[in-house]
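Notes follow the structure.
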Amino acid sequence: MVLHYPGGIDLTEFGIEIPVAPDRTQQVLDALAANGGPGAAWLRGPDGSAIDRDDLLRVHAPAYVERGFGPGVDELMIEVFELRNDDGSYHRYNPRAARRPLSELFAGWVRWMSGTYQCGKEALRDGFCFYLGGGAHHGHYDFGHGFCVFNDIVTAIRRLQADGSVRSAWVIDVDAHKGDGTAALTADDPSVATLSVHMARGWPLDLPERDRLGRPAPWLIPSTIDVPIAPGEELEYIPRLRQALAGLDASPPPDIAYVVDGADPYEHDELPSTADLRLSLARMAERDEIVHEFLAARSIPQAWLMSGGYGRRAWEPFAAFLSARIAGR
Ligand SMILES: [Zn+2]
């Protein structure tokens, strides 16, 4: 299944100048349509699943959640999207260009999280679902960074656990950036195993050991399995991914796996902080096939999320993977 929530978030409407192509989901759908898919049998829309305040409170600090629902929402979004420099001036943010208030960005964000939960339910029903959204793996208990307000992945898993739909989960994160929020939120929880394959250096692994509030840096927060890829190690990527997946086999198969399928390791990604990892389209496709086959061979329901992927060609790895799925390869 391909799950699409129409009316995605366009950051430029809020005056935010981060190069997330607002139409990358549409570009993926257009590419699939050009190949004769996805068609009604594959495409799903919102089914009324909704992540609400109680779901957020299962995962995040009450004071943090309430900021989003009150007058603190503008400041919250400026923090999370890192729109202010240390000297107080704006960074990648031009409020004069905004056509909508940041409170609407927050509301849209929470609605967007609902797709991650629905994606899990679709995966449990059909074995595989790819949500054209989701993957906010930098959302922490009481703060967010890297454009992630809350952590939709852990929120969805906790909701599915509360529903009684699943007991255990894996999170396989192949976005270019380490899944630090997911690791922190599931630390010491034997019901969730996390695997993160990411750039060995650069954001968020270059943050100081403690931030100004004393919180530990992402490099101090281990995933169950971490696979750092250093600059120039692109040829090592696939063998090390295979090795890491084999490491997950040490734990019993879970009831569901979320795959955080960022396209930002792609060589044509345009976010400056991803320049250290440059996988070809063929290697990106191989990455996704390996994860898909690994889970399918174990009959583990797969819920895939888009996560990162920036610039004009971010849609290409997603379209390649989904074209293969729809064609039944
Ligand atoms: Zn990323």
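Quick one: which residue in His91, His145, His137 is out of contact with any Pro (no Cβ under 8 Å at 6 or more places or on another chain) and either among the aliphatic types (A, V, I, L, M) or within 16 Å of the ligand (Cβ to nearest atom) (or both)? Explain how you work it out, then say what you get.
Working: His91 fails: either among the aliphatic types (A, V, I, L, M) or within 16 Å of the ligand (Cβ to nearest atom) (or both); His145 fails: out of contact with any Pro (no Cβ under 8 Å at 6 or more places or on another chain).
Among His91, His145, His137, only His137 is out of contact with any Pro (no Cβ under 8 Å at 6 or more places or on another chain) and either among the aliphatic types (A, V, I, L, M) or within 16 Å of the ligand (Cβ to nearest atom) (or both).
Of the residues Ala136, Ala176, Ala97, Ala123, only one is aliphatic (A, V, I, L, M) and over 30 Å from Ile326 (Cα atoms); which?
Working: Ala136 fails: over 30 Å from Ile326 (Cα atoms); Ala176 fails: over 30 Å from Ile326 (Cα atoms); Ala123 fails: over 30 Å from Ile326 (Cα atoms).
Only one candidate passes the filter, namely Ala97.
What are the residues in segment 100-134 that are over 23 Å from Gly70 (Cβ atoms) and among the basic types (Lys, Arg), if any?
Lys121, Arg125
Restricting to segment 315-329, name every residue that is open to solvent by less than 10 Å² (accessible area, probe 1.4 Å) and in contact (Cβ under 8 Å) with a residue 60 or more places away in the chain.
Phe318, Ala319, Phe321, Leu322, listed by residue number.
Going by what's in this entry, would His145 be described as of a type outside the set (Lys, Arg), open to solvent by 10 Å² or more (accessible area, probe 1.4 Å) and out of contact with any Ser or Thr (no Cβ under 7 Å at 6 or more places or on another chain)? Can you show your working first?
Details: of a type outside the set (Lys, Arg): yes; open to solvent by 10 Å² or more (accessible area, probe 1.4 Å): yes; out of contact with any Ser or Thr (no Cβ under 7 Å at 6 or more places or on another chain): yes.
Yes, satisfied.
Could you identify the single residue in Ala230, Ala244, Ala136 that is under 30 Å from Ser280 (Cα atoms), touching a Cys at 6+ places or on another chain (Cβ under 9 Å) and among the aliphatic types (A, V, I, L, M)?
Details: Ala230 fails: touching a Cys at 6+ places or on another chain (Cβ under 9 Å); Ala244 fails: touching a Cys at 6+ places or on another chain (Cβ under 9 Å).
Matching residue, one of Ala230, Ala244, Ala136: Ala136.
What number goes with the only condition from (1) free of Cβ contacts under 8 Å to residues at least 24 places away in the same chain; (2) closer than 21 Å to Ala50 by Cβ that Gln118 does not pass?
(1)
Any chance segment 306-314 includes a residue that's within 16 Å of the ligand (Cβ to nearest atom), buried (at least 19 other Cβ atoms within 10 Å of the Cβ) and among the hydrophobic types (A, V, I, L, M, F, W, C)?
Within segment 306-314, the subset within 16 Å of the ligand (Cβ to nearest atom) is 306-311, 313-314.
Among the residues that remain, those that are also buried (at least 19 other Cβ atoms within 10 Å of the Cβ) are: 306-310, 314.
Still in the running and among the hydrophobic types (A, V, I, L, M, F, W, C): 306, 314.
The answer is yes, given that some residue of segment 306-314 is within 16 Å of the ligand (Cβ to nearest atom), buried (at least 19 other Cβ atoms within 10 Å of the Cβ) and among the hydrophobic types (A, V, I, L, M, F, W, C).
Which members of segment 286-305 meet the condition of being open to solvent by 10 Å² or more (accessible area, probe 1.4 Å) and under 27 Å from Pro272 (Cβ atoms)? Give the derivation first.
Of segment 286-305, the ones open to solvent by 10 Å² or more (accessible area, probe 1.4 Å) are 286, 289-290, 292-294, 296-299, 301.
Correct list: Glu286 only.
From Leu277, Leu195, which residue is of a type outside the set (Phe, Trp, Tyr), in contact with a strand residue (DSSP E or B) (Cβ under 6 Å, 6 or more places away or on another chain) and within 14 Å of the ligand (Cβ to nearest atom)?
One residue alone meets the criteria, Leu277.
Select the helices (runs of 4 or more DSSP H) contained entirely in segment 17-124, then report the ones holding at least 2 residues which are open to solvent by less than 50 Å² (accessible area, probe 1.4 Å). Spell out the reasoning first.
Numbers: elements: 24-34, 39-42, 53-57, 62-68, 73-80.
Helices (runs of 4 or more DSSP H) meeting the threshold: 24-34, 53-57, 62-68, 73-80.
Please go through segment 125-143 and pick out each residue that is in a loop (DSSP other than H, G, I, E, B) and in contact with a strand residue (DSSP E or B) (Cβ under 6 Å, 6 or more places away or on another chain).
From segment 125-143, those in a loop (DSSP other than H, G, I, E, B) are 127, 132-138, 140-143; that's our starting set.
Selection gives Gly134, Gly135, His137.
The values are calculated or read from the model by the stated rules, or taken from the named source; none is laboratory data. Small disclaimer: the values here were computed from a predicted structure and weren't measured. Cβ sites come from the backbone with ideal geometry, for glycine too, and all protein chains shown count toward neighbours. Keep in mind that these areas ignore ligands, DNA and RNA; they rest on the heavy atoms of the full protein, side chains included. Shrake-Rupley method; radii C 1.70, N 1.55, O 1.52, S 1.80 Å.
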